[in-house]
Amino acid sequence: MKGLLIRSLTLVLLFAFLMAAAFQLNPFGSPAHTVMDDYYIRNGQAETASNNIVSSVVFDYRGMDTLLEASVLFTAASGVVMVLGRRGKDEKKD
Amino acid sequence: MKRKTDKSMDDGMSIIVKVAAYVLAVPITILGLYIILHGHLTPGGGFPGGAVIATLTVLFLVAAGKEKAKALKRDMISFAGGVGLVLFAFFGFIGTGTTFFFNALANSGSLFGMRIPFGVNPGYMWTAGVIPPMNMAVGLEVAASLSVIALVMFVYTMEDER
Amino acid sequence: MMDLPFIAVMILIMLGISAAVLKRNMIKIVMGVSISASGINLLLVALGYREGGVAPIFTNAPAAQMVLPTPQALTLTSIVIDLAVTAMMLSFVILMYKHYGSTDSRKRRLSG
């Protein structure tokens, strides 16, 4: 019972911190710094010749993040195969 | 630890579900390929398109059952995912003259290099440089990885006790 | 009260964290982590909104200001990484269920 009380108090404290952070952000609809994104919208179509600015940001201006994220997904798939991919009775004969 | 094995999934679901799955396979594939190929013109791209194609594997596993699920080979699908990832890294090396991941095919007049006017326009297909090949490589890799995850989890939880 | 999206995001994150801390079933703990990850993605997209904006795509776009494209690119990466984490956690839950026979996280400590 005492552990439950301490955990609930910690969660209420965390909720108070999150609410204080939510009220200190910029108002919804006017972001703080837009210099880089205005450059992407103005020059993205001329430099990368693609209509989709989000696609050119993901694959051209920030392509390194996408490469590492694709390798994270492949690592997760190979990790699941390593944990769950045993092949049956052949394993016991080693 | 011995447990009674569940025999209700040996043949899959009923005949209505099987026919619906085999009929729906073609529109799902076409939708996934459309989202991947038009990634530089409409919202979407490689990642949602690959996820749509991976739902084909889950549909097949649910409808066909335990016995027929052994027809899918885990090694070949995983190999296709690896090929997709290496291809994506290879397309980054095309523009190494300036930087890694430089879009050397855009505005150049070769395979994907049409110029487009600034502003609102209906989309033109052969533009955007090296971005459409990257979309296809990422779509192949995401579809293969999600299929392998679903296949391995299904086979492990549905097989008999040893 | 115009900051309603941010308040909703904080409530969502709080629900996810409290489910991951207070629940006993292992599947419910994984669900709590997944809910809080979705809340973080929603926060990233809500931070880049401009008043009366449209999607940053030039194909047949209506005439209005465009929202910021960079938070949407970061959200794509975040969704895929959350998927990878959830897949690994679920595979460990499956392994533990086959080994111990129950999904109770307090019934058998993982030390023997």
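Every number in this text was worked out from the coordinates using simple rules, so none of it is lab data. No experiment lies behind these values; they were computed from the predicted model shown. Cβ atoms come from the backbone with ideal geometry, glycine included; neighbour counts cover every protein chain shown.
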(message) Taking 10 °C and 1.306 mPa s as the conditions, I'd like the Stokes-Einstein D for the protein assembly as shown in µm²/s, using the Kirkwood hydrodynamic radius from alpha carbon pairs.
(response) 68 µm²/s
(request) Please identify, among A:Leu13, A:Leu67, A:Leu25, the residue showing maximal mean-square fluctuation in a Gaussian network model of chain A using a 10 angstrom Cα cutoff. (result) A:Leu13
(request) Beta carbons within 10 angstrom, averaged per residue: use that to sort the peptides A:26-34, A:46-54, C:7-15, highest first. (result) A:46-54, C:7-15, A:26-34
(request) Calculate for chain B the 222 nm mean residue ellipticity that helices alone would give, adding -39,500 (n - 2.57) per DSSP H run of length 4 or more and normalising by residue count, nearest 500 deg cm²/dmol. (result) -19000 deg cm²/dmol
(request) Please work out the C-alpha center-to-center distance from segment B:121-162 to segment B:12-37 and express it in whole Å. (result) 16 Å
(request) Would you calculate the separation in nanometres between label points at A:Ser30 and C:Leu15, each defined as 7 Å from the Cα along the Cα-to-beta-carbon direction? (result) 3.1 nm
(request) Taking amide H positions as placed in the peptide plane 1.01 Å from N, state which residues far from C:Val54 in sequence (5 or more) or on other chains have amide H under 5 Å from it. (result) C:Gln65, C:Met66, C:Val67
(request) With a length cut of 27 Å (Cα positions projected on each helix's long axis) and a Kyte-Doolittle mean of at least 1.0, go through chain B and give me the DSSP H helices that pass. (result) B:15-37, B:46-64, B:131-158
(message) Taking amide H atoms as placed 1.01 Å from N in the peptide plane, list the residues 5 or more away in sequence, or in a different chain, whose amide H sits under 5 Å from that of B:Asn121.
(response) C:Asn60, C:Ala61
(request) For segment A:69-85, just list the computed ³J(HN,Hα) in residue order, Karplus coefficients 6.51, -1.76 and 1.60, θ = phi - 60°, integers in Hz, with x standing in for Gly and Pro. (result) 5, 5, 6, 5, 5, 5, 5, 5, 5, 6, x, 5, 5, 5, 6, 10, x
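With 24 Å as the cut-off, how large is the P(r) tail for chain B, expressed as percent of Cα-Cα pairs? Before the final figure, lay out each step's value.
Values: 6365 of 13041 pairs.
Summing the P(r) of chain B above 24 Å gives 49 percent of all pairs.
Based on the Cβ-Cβ distance of B:Phe93 and B:Lys68, what FRET efficiency does E = 1/(1 + (r/R0)^6) give at R0 = 35 Å, to the nearest 0.05?
E between B:Phe93 and B:Lys68, to the nearest 0.05, is 0.25.
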(request) Please list the non-local residues whose amide H lies under 5 Å from the amide H of B:Gly95, H modeled 1.01 Å from N, same-chain partners needing a gap of 5 or more. (result) B:Phe101, B:Phe102, B:Ala104
(request) With label points built 7 Å along Cα→Cβ from the Cα atoms of B:Ala80 and A:Leu11, find their separation and express it in nm. (result) 4.4 nm
(request) Compute the distance in nm between two label points, each set 7 Å from the Cα along the Cα-to-Cβ direction, one at C:Ile40 and one at C:Tyr100. (result) 2.5 nm
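Using the Kirkwood formula over every pair of different C-alpha atoms, what hydrodynamic radius in Å results for chain A?
Details: mean 1/r = 0.0519 Å⁻¹.
Taking the inverse mean of 1/r over all distinct Cα pairs, chain A comes out at 19.3 Å.
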(request) For peptide A:31-44, compute the average count of partner chain beta-carbon atoms within 10 Å of each residue's beta-carbon. (result) 3
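Over all residues in A:19-30, what is the mean tally of Cβ atoms on other chains that come within 10 Å of each residue's Cβ? Intermediate results must be reported in sequence, preceding the final value.
Working: counts 5, 1, 2, 9, 4, 1, 5, 3, 4, 10, 10, 3.
Across A:19-30, the average partner-chain Cβ count within 10 Å equals 5.
Mean residue ellipticity at 222 nm from the helices of chain C, using -39,500 (n - 2.57) per DSSP H segment of n ≥ 4 over the full residue count, to the nearest 500 deg cm²/dmol? Don't skip to the end; give the middle numbers.
Working: 3 runs with 71 residues, N = 112.
Estimated from H runs of four or more residues: -22500 deg cm²/dmol.
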